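Note sheet for the following structure.
The values are calculated or read from the model by the stated rules, or taken from the named source; none is laboratory data. Note that this is a predicted model, so its numbers are computed, not measured. Heads up, the Cβs are rebuilt from the backbone with ideal geometry, glycines too, and the neighbour counts pull from every protein chain shown. Quick note on the areas: whole protein, heavy atoms, side chains included, nothing else; ligands and nucleic acids left out. Shrake-Rupley method; radii C 1.70, N 1.55, O 1.52, S 1.80 Å.
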Amino acid sequence: MGNREDLLAGARRCLEEKGYLRTTVRDIASASRVSMAAIGYHFGSREALLDQALFAAMDEWSAAAGRLDGQGDTAAERYADMWDRKIADFGETRWLWIASIEAFVHAQSSPELLATLAAAQRGSRRMVAAHWRGLAEEAVSEEDVRGLGSVHLALLTGVMVQALTDPQEAPNGRELAQGLRAMAELLER
């Protein structure tokens, strides 16, 4: 590997061990065995390097997560199974979710990172809506992107925070499916 790749690998290790906000330039240089000056040369800043390492890890997670659906005979069973797998994954890749929350906090004072995160959310809403409708992303309606995609993304973020904060009391997939059914019934009144 070259310095650039070593720096990305070192930044990833630092994200796993220290998180986004506590990782210093010195930490990355030490983990990658590359000079601190190389960070500026290859990435411009510590933040830009951490952002690239975090986004690469998120892309890996997304590819490994595979399909959004689960296993079961009914749609509700498949949905509950999908959530149970995601909730377990939140615990297994805890560092990734904590680093992403820290990046969100940092983005409030970094317009470039905020714009990148906003674009990623827009893409995620479209992808999720397309999946649930069984359509190609370009065929999904804006109404579904804004409604269906936004609701699923809100659930994902909220359940992730609950699972990280209080894993024993966080909802499971069956409870989430039941809660959505109850919400739908209330909205129909």
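Could we say that residue 126 is outside any loop (DSSP other than H, G, I, E, B), closer than 19 Å to residue 154 by Cβ and more than 11 Å from the chain's Cα centre (by Cα) here?
yes
Go through the stretch 67-107 and give me each residue that's in a helix (DSSP H, G or I), in contact with a Phe, Trp or Tyr (Cβ under 9 Å, 6 or more places away or on another chain) and open to solvent by less than 70 Å² (accessible area, probe 1.4 Å).
Selection gives 89, 90, 96, 97, 98, 99, 100, 101, 102, 103, 106.
Going through the stretch 1-26 one residue at a time, which ones are open to solvent by 40 Å² or more (accessible area, probe 1.4 Å) and part of a helix (DSSP H, G or I)?
3, 4, 5, 8, 12, 13, 16, 17, 18, 25, 26 - these are the residues of the stretch 1-26 that are open to solvent by 40 Å² or more (accessible area, probe 1.4 Å) and part of a helix (DSSP H, G or I).
Suppose we keep only residues that are of a type in the set (D, E, K, R) and in contact with an Asp or Glu (Cβ under 7 Å, 6 or more places away or on another chain) within the stretch 125-184. Which one would you say is farthest from residue 75 (Cα to Cα)? Can you show your working first?
Step one: filter the stretch 125-184 for residues of a type in the set (D, E, K, R), giving 125-126, 133, 137-138, 142-144, 146, 166, 169, 174-175, 181.
Restricting the remaining residues to those that are in contact with an Asp or Glu (Cβ under 7 Å, 6 or more places away or on another chain) gives 126, 133.
On the way: 126: 21, 133: 13 Å.
Among those residues, the one meeting the criterion is 126.
Applying the selection to the stretch 27-42, what residues are assigned to a helix (DSSP H, G or I), open to solvent by less than 30 Å² (accessible area, probe 1.4 Å) and in contact with an Asp or Glu (Cβ under 9 Å, 6 or more places away or on another chain)?
32, 38
Across the stretch 119-154, which residue is modelled with the lowest pLDDT among those that are open to solvent by 50 Å² or more (accessible area, probe 1.4 Å) and among the acidic types (Asp, Glu)?
Once the filter is applied, the top-ranked residue is 137.
Within the stretch 93-111, identify whether any single residue is over 17 Å from residue 15 (Cβ atoms) and charged (D, E, K, R), and answer yes or no.
no
May I ask you to list pairs of residues, at least six apart or on different chains, whose Cβ atoms are under 9 Å apart, with the first in the stretch 154-180 being assigned to a loop (DSSP other than H, G, I, E, B) and the second being aromatic (Phe, Trp, Tyr) and open to solvent by less than 50 Å² (accessible area, probe 1.4 Å)?
That search, which allows pairs on different chains as well, returns 167/90; 170/90; 171/83; 172/83.
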